[in-house]
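Have a look at the structure below before the remarks.
The values are calculated or read from the model by the stated rules, or taken from the named source; none is laboratory data. None of the values given here were measured: they were computed from a predicted structure. In this analysis, Cβ positions are derived from the backbone assuming ideal geometry, glycine residues included, and neighbour counts consider all displayed protein chains.
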């Protein structure tokens, strides 16, 4: 059952990598932080910073930042 669900999810989201940015939060998290996301040390830096600012940010989400870093390292920025 889990395999069938994973197969269905893959089919539903099959076109996502080829789509352009939506211009919602993408401009903050992807475009403005693209140089950070492409940096090789971004995975370790994500453990010590917030989502919006490097220091003094109460929104601490390292897994969210890691997903942006992984996306930036796998794909080129498409505007």
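Key figures
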| quantity | calculated |
| --- | --- |
| The stretch 30-63, residues that are under 26 Å from residue 18 (Cβ atoms) and in contact with a helix residue (DSSP H, G or I) (Cβ under 8 Å, 6 or more places away or on another chain) | 30, 33, 34, 36, 37, 38, 39, 42, 43 |
| Criterion violated by residue 21 - all others in (1) touching a helix residue (DSSP H, G or I) at 6+ places or on another chain (Cβ under 8 Å); (2) assigned to a loop (DSSP other than H, G, I, E, B); (3) modelled with pLDDT of 85 or more satisfied | (3) |
| Boolean, residue 56 is loosely packed, with under 10 Cβ neighbours inside 10 Å, at pLDDT 85 or above and in a helix (DSSP H, G or I) | no |
